[in-house]
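A.B. asks: Sharing a structure, written as structure tokens. Questions coming.
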Number of protein chains: 2
Amino acid sequence: MTQTPANSETAGARRRKTAVDAVPPGAEPGQGGARRVMARCDEVALISAMEHGIERTYLTSQHKAHNRLAAQWMRSAGLQTRVDEAGTLRGRLPGATPDAPVLYLGSHLDTVPDAGKYDGILGVTAAIEVASRFAERAQAGEPLPFALEVLAFGDEEGVRFGATLLGSRAMAGTWDPDWFELKDARGVTLREAMEEFGLDPDRVYDAAIDPEQTVGYLEAHIEQGPYLQDADKALGLVTSIAGARRLTVTVIGEAGHAGGTPYGRRRDALIGSSHAVIAIDRIGQERGVIVTVGELTVVDGAINVVPGRVEFTIDLRAATDEDRDAAYDEMIAELQSICLDRDLQVTVHEHHRAPGALCDPELMEAVREGIVATGDEEPMSLYSKAGHDAMAIAEVAPMAMLFTRCLDGISHNPGESVRHDDVDRALDALETAIRRIARNAA
Amino acid sequence: MTQTPANSETAGARRRKTAVDAVPPGAEPGQGGARRVMARCDEVALISAMEHGIERTYLTSQHKAHNRLAAQWMRSAGLQTRVDEAGTLRGRLPGATPDAPVLYLGSHLDTVPDAGKYDGILGVTAAIEVASRFAERAQAGEPLPFALEVLAFGDEEGVRFGATLLGSRAMAGTWDPDWFELKDARGVTLREAMEEFGLDPDRVYDAAIDPEQTVGYLEAHIEQGPYLQDADKALGLVTSIAGARRLTVTVIGEAGHAGGTPYGRRRDALIGSSHAVIAIDRIGQERGVIVTVGELTVVDGAINVVPGRVEFTIDLRAATDEDRDAAYDEMIAELQSICLDRDLQVTVHEHHRAPGALCDPELMEAVREGIVATGDEEPMSLYSKAGHDAMAIAEVAPMAMLFTRCLDGISHNPGESVRHDDVDRALDALETAIRRIARNAA
């Protein structure tokens, strides 16, 4: 294992580094699979709503264009393609029998604004590459005991309509009819956008898969964190996807004139909130959960007014719902105690709670075997701190995920970078994992 | 002295209390001066740009209306009125000789939005009332050795054009020609507004007083703080007007994904800023200066992003510039140390620095004698934490101020409340002070 050479450089220089540069001298690009996968990531990056930078969102002309491009790749890999009722591009390699169950493999092609080239995309292009290997073998008379279906979701990030994971939720059969009335920034509803895209909104429920006929779902994804890099590992075995709770906290004191309100009479909502921010961070670190106060504002603040009202957000993630909720309880108790001491009122509004998703033990074992086959005898286990399409699928079918190291954990940023040799290992690991699943299914 | 009965009530109930309610049972409204003064404060409160609530700003139809109303009161008090080149209404009682110097007396009639009835207004109506007493005496053949000129400034708060103290700065001869290009919220320049009001902008410099011909400037004002109430005092002797420094601090870390950025890699601008807010407050309290962080925002913050940039303001006031600047130095050093420890960058931009203004010892002695004459043998001295027209005048002439107790320090708020008997004391104190100044001048 080579040491990543980036640590001695500045962040700016690191970010300008491309994925190709990041291949260390002497690293061979394996069978060439990574070369094609990376070239395809570069090609889809040219489809963008931004003049400089990458942005592809749900049901736009960019969505149409990336579906068209990926469908070409799928067909050249020997897959039968269709766009489902939620706009997800699907490419199928039939199994040994017409009624064989399905192993799904995929990720998403939509992005955040000013995105990188790999978040989601690598999982789709890698899935197509691996499927092509099994398509060749099927043509040679060695079909899999299940159909292999590659999925290219059109909405994971939720940028356009706010609700996330729309493609995978449609597949899981958990589409919420209220979403039809969600509007984008220009006031277009989701229903109107679906119709404009050529979809029949009322048929979106037909995108749902049959759990009885589903072997499972495998997703490869860049880590979006630096844990693999720090441990000098190319690949990681995902154990769960963190459940998240998102809160808005309002701290209410009393606005008063800066000059005319002595300290003893102040009920300063910002001083209380500052103590709370520090306490929340401390509790998060002590408990080994991930907590972030990402937004904080003095409401109706003015330079010469003692803050009367502060609003801030809390984003809380943990390996298990139990860890997460225990940290939540301690944070809220501390918050209330801080506010009580300072004669402040506090209200907490939870506007998002996603249960964590545990990866399926059998599928995990297959992924572990895949990683071991690349020469890493002690695969690193980690949980995903970010949400993924696999979360939605986990509600109805077994799922597992394979993480690929990315440079410095940078993601949602043009600086996303992965190494060719890591991608080759990921392709090989996925292939081995699928063979193991096939062995067990046989 | 009666204990203020408000402490046992809720803030809401206190705020609904009117000035009339606040007269304790048994308190006699003295010679009736306070009754008229308070009634006039009620009358001018009806002039407002807001449907519910009080707002009067510079060079508006409300400014025209309050000048017209106050000019009637001045004339009925026996004063000769004119509107000066900056829109300040002036009412003059001539002195014993045509070339007698002038003692100025006044405050402002403009307000903040949703204002109270007394901030500024009480100083104008009290000045008119006191002047009427001297006008009566002059008619009886006892003129003062100086002219008495009552000033009703049209801009102290700076609400419309951002720059404050426009009326008194014109009088002090410190009008800045750059101000002509300042714009209000509708894009009207100060120059255009002056012309629309009927003023010749290029003649604004003619509003300047002749310091050689000026005895001084006396201003009565509500305290806008609770110190007098807490000390059970009706009146206070102002020693200085706090110098202020106003800063914007920018703390820069690195934005990162909430899920993908481990604690050890975070450069969280909000955690650093929270420590800074707490330290700034602590230093302010330890040093006996008044410091407020009134605005704080995570720039481009999002619920799932580690804050990369935070901006907050600091408002710093102290009895003397030396106290203020020593506190400033300690705060900035602490801020830099906090940011250095956390690998954050920090920049500090000072966008306002007003030197403190010391009250004139002789005029202060006159005000003290005035307060003693009301029966308070040990007048309370305090410094003004808020800015006043007297600050502008202090640059060219001696000034002093008399504070009147206001309920709970509430100001810039419909809850502003003063007691009739306190106003009567203020009128008597002003009258005595002016007599003492006359004695010394004779």
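A.B. asks: Residues being assigned to a strand (DSSP E or B), within 7 Å of another protein chain (Cβ to nearest Cβ) and more than 21 Å from residue B:262 (Cα to Cα): count how many of those fall in the range A:291-320.
C.D. replies: Within the range A:291-320, the first condition is being assigned to a strand (DSSP E or B), and the residues that meet it are A:291-292, A:296-298, A:305-306, A:309-318.
From the residues that got through so far, the ones that are within 7 Å of another protein chain (Cβ to nearest Cβ) too are A:292, A:296-298, A:305-306, A:313, A:315, A:317.
Cutting the leftovers down to more than 21 Å from residue B:262 (Cα to Cα) gives us A:297-298, A:305-306.
Residues flagged as assigned to a strand (DSSP E or B), within 7 Å of another protein chain (Cβ to nearest Cβ) and more than 21 Å from residue B:262 (Cα to Cα) within the range A:291-320 amount to 4.
A.B. asks: To continue, here is another question. I want to confirm something. Restricting to the range A:231-243 and keeping residues that are of a type outside the set (S, T, N, Q) and out of contact with any Pro (no Cβ under 9 Å at 6 or more places or on another chain), which single residue is farthest from the other protein chains (Cβ to nearest Cβ)?
C.D. replies: Restricting attention to the range A:231-243, the residues satisfying the condition of being of a type outside the set (S, T, N, Q) are A:231-238, A:241-243.
From what's left, out of contact with any Pro (no Cβ under 9 Å at 6 or more places or on another chain): A:231-232, A:234, A:238, A:241-242.
Details: A:231: 12, A:232: 16, A:234: 17, A:238: 13, A:241: 10, A:242: 7 Å.
Within the range A:231-243, the match that is farthest from the other protein chains (Cβ to nearest Cβ) is A:234.
A.B. asks: Taking the range B:340-354, which residues are open to solvent by 80 Å² or more (accessible area, probe 1.4 Å), in contact with a helix residue (DSSP H, G or I) (Cβ under 8 Å, 6 or more places away or on another chain) and not in a loop (DSSP other than H, G, I, E, B)?
C.D. replies: The one that is open to solvent by 80 Å² or more (accessible area, probe 1.4 Å), in contact with a helix residue (DSSP H, G or I) (Cβ under 8 Å, 6 or more places away or on another chain) and not in a loop (DSSP other than H, G, I, E, B): B:345.
A.B. asks: Right, next: Taking into account only those residues within the range B:75-108 that are of a type in the set (Ser, Thr, Tyr) and not in a strand (DSSP E or B), which is least open to solvent (accessible area, probe 1.4 Å)?
C.D. replies: Filtering the range B:75-108 for residues of a type in the set (Ser, Thr, Tyr) gives B:76, B:81, B:88, B:97, B:104, B:107.
With the extra rule that they be not in a strand (DSSP E or B), the set shrinks to B:76, B:88, B:97.
Numbers: B:76: 91, B:88: 0, B:97: 68 Å².
So the residue we want is B:88.
A.B. asks: Name, by its number, the condition in (1) more than 30 Å from residue B:420 (Cα to Cα); (2) within 14 Å of another protein chain (Cβ to nearest Cβ); (3) in contact with a helix residue (DSSP H, G or I) (Cβ under 7 Å, 6 or more places away or on another chain) that does not hold for residue B:222.
C.D. replies: (1)
A.B. asks: If a residue must be closer than 24 Å to residue B:305 by Cα, away from every other protein chain (no Cβ under 14 Å) and polar (S, T, N, Q), how many such residues does the range A:336-386 contain?
C.D. replies: 1
A.B. asks: Moving on to the next point. Hey, can you tell me all the residues within the range B:257-274 that are in contact with a Lys or Arg (Cβ under 8 Å, 6 or more places away or on another chain), at the interface with another protein chain (Cβ under 7 Å from one of its Cβ atoms) and within 20 Å of residue A:311 (Cα to Cα)?
C.D. replies: Residues satisfying the conditions are B:258, B:271.
A.B. asks: If I go through the range B:280-333 residue by residue, how many of them are of a type in the set (A, V, I, L, M, F, W, C) and over 28 Å from the mean Cα position of the chain (by Cα)? Spell out how you get there, then give the answer.
C.D. replies: Initially, the range B:280-333 is screened for residues of a type in the set (A, V, I, L, M, F, W, C), giving B:280, B:283, B:289-291, B:293, B:296, B:298-299, B:302-303, B:305-306, B:310, B:312, B:314, B:316, B:318-319, B:326-327, B:331-333.
Filter again for over 28 Å from the mean Cα position of the chain (by Cα), leaving B:298-299, B:302-303, B:305-306, B:310, B:333.
Adding up the residues that qualify gives 8.
A.B. asks: Just give me the residues in the range A:278-290 being more than 8 Å from chain B (Cβ to nearest Cβ) and either among the hydroxyl-bearing types (Ser, Thr, Tyr) or in contact (Cβ under 8 Å) with a residue 24 or more places away in the chain (or both), in sequence order.
C.D. replies: In the first step, residues of the range A:278-290 are kept if they are more than 8 Å from chain B (Cβ to nearest Cβ); the result is A:279-280, A:282-283, A:286-289.
Matches in the range A:278-290: A:279, A:280, A:283, A:287, A:288, A:289.
A.B. asks: Restricting attention to the range A:389-442, which residues are acidic (Asp, Glu) and in contact with a Phe, Trp or Tyr (Cβ under 7 Å, 6 or more places away or on another chain)?
C.D. replies: Residues of the range A:389-442 acidic (Asp, Glu): A:389, A:395, A:408, A:416, A:421-422, A:424, A:428, A:431.
If the condition is that a residue be acidic (Asp, Glu) and in contact with a Phe, Trp or Tyr (Cβ under 7 Å, 6 or more places away or on another chain), then A:389, A:416 are the ones that fit.
A.B. asks: Which ones in the range A:291-312 are in contact (Cβ under 8 Å) with a residue 60 or more places away in the chain and surrounded by fewer than 21 Cβ atoms within 10 Å (Cβ to Cβ)?
C.D. replies: Of all residues in the range A:291-312, those in contact (Cβ under 8 Å) with a residue 60 or more places away in the chain come to A:310-312.
The one that is in contact (Cβ under 8 Å) with a residue 60 or more places away in the chain and surrounded by fewer than 21 Cβ atoms within 10 Å (Cβ to Cβ): A:311.
A.B. asks: Among A:327, A:333, which is the only one that is modelled with pLDDT of 95 or more, more than 11 Å from every other protein chain (Cβ to nearest Cβ) and open to solvent by 40 Å² or more (accessible area, probe 1.4 Å)? Walk me through it before giving the result.
C.D. replies: Details: A:327 fails: open to solvent by 40 Å² or more (accessible area, probe 1.4 Å).
So the residue among A:327, A:333 that is modelled with pLDDT of 95 or more, more than 11 Å from every other protein chain (Cβ to nearest Cβ) and open to solvent by 40 Å² or more (accessible area, probe 1.4 Å) is A:333.
The values are calculated or read from the model by the stated rules, or taken from the named source; none is laboratory data. None of the values given here were measured: they were computed from a predicted structure. Don't worry about glycine lacking a Cβ; one is built from the backbone with ideal geometry, like all the others, and counts go over all protein chains shown. These accessible areas exclude ligands, DNA and RNA; they are computed on the full protein's heavy atoms, side chains included. Shrake-Rupley method; radii C 1.70, N 1.55, O 1.52, S 1.80 Å.
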